[in-house]
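Nothing in this text is a laboratory measurement; each read-out follows from the coordinates by a stated rule. Predicted, not measured: the structure shown is a model, and the values here were computed from it. Positions of Cβ are generated from backbone atoms using ideal geometry, with glycine treated the same way; all protein chains shown enter the neighbour counts.
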Amino acid sequence: MEFTHHRPLPSREGSGIENNMAIKSESKMKEMIRRLDAAVTIQEQKGCCQSVKQALEDIVRSGEDFLDPHFLIPADGRYARRLVHKDPNDRYTVLAMVWDKGQGTALHDHAGHWCVECVYRGRIQVISYSLEGDPDTELVKFHREIEIMAGPGEAGALIPPFEYHTIANPDDTPAVTIHVYAGELDHCYIFNPVEGGFQREYRELTYTA
């Protein structure tokens with residue numbers, strides 16, 4: 001996964017009257033959905049992901065808060081995972097994830113789904129891995145490839161088979177990320193370290209209240 005780095009976002013302070021903020025938030029959300037609808041019409045995966053990535057970067061880098069406050073609340077014990085939007089034609093879903101201090105993922109894949117991830121607030125650490133072996137039949141090995149620290153407005157794409165990675169919050173304050181998945185990601189596979197390599201395990205994915 002390669003993240004695009006940008007200059008710091010403008011300050012969100014002094015944003016004006018609450019009603020105007022709500023109107024702007026709704027407008028920005030509609031703009032994001034409109035652009036994502038257009039992006040997923042691209043049949044070729046790489047071009048589709050690049051268009052989704054550009055849309056997320058542009059929307060987040062506008063500096064406007066457009067996620068409702070309940071999407072920004074951390075969860076106890078693990079990162080929060082909330083559904084923001086589901087395309088009525090099942091082409092994609094938009095999720096908001098909140099990473100509190102010390103929270104992160106196991107080494108995992110996306111079960112063959114492409115994904116674009118963009119930082120909304122805070123920072124995340126993303127480490128990508130390459131796979132050696134066939135997880136269907138044997139223990140596998142992973143080779144650490146790239147480590148990235150990504151901040152607000154920086155986005156990256158995961159396109160199978162290059163989908164193995166971990167995400168973590170390296171800071172003391174919560175981080176929030178926006179994820180766009182092909183279809184709806186209701187499960188993935190995590191990889192547990194065991195003697196001789198890594199063993200794959202099915203993991204059901206649910207949404208945080």
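One residue stands out in region 153-171 among those that are touching a helix residue (DSSP H, G or I) at 6+ places or on another chain (Cβ under 6 Å) and part of a strand (DSSP E or B): the one that is surrounded by the most Cβ atoms within 10 Å (Cβ to Cβ), namely Ala155. Cβ separations smaller than 6 Å between residues 6+ apart or across chains give no pair from region 174-202 residues that are in contact (Cβ under 8 Å) with a residue 40 or more places away in the chain to residues that are surrounded by fewer than 16 Cβ atoms within 10 Å (Cβ to Cβ) and hydroxyl-bearing (Ser, Thr, Tyr). Of the strands (runs of 3 or more DSSP E) contained entirely in region 42-152, those carrying at least 2 residues that are under 16 Å from Leu185 (Cβ atoms) fall at 80-86, 92-99, 115-121.
Restricted to region 125-140, and to residues that are hydroxyl-bearing (Ser, Thr, Tyr) and within 24 Å of Met97 (Cα to Cα), which residue is farthest from the chain's Cα centre (by Cα)?
This residue is Tyr129.
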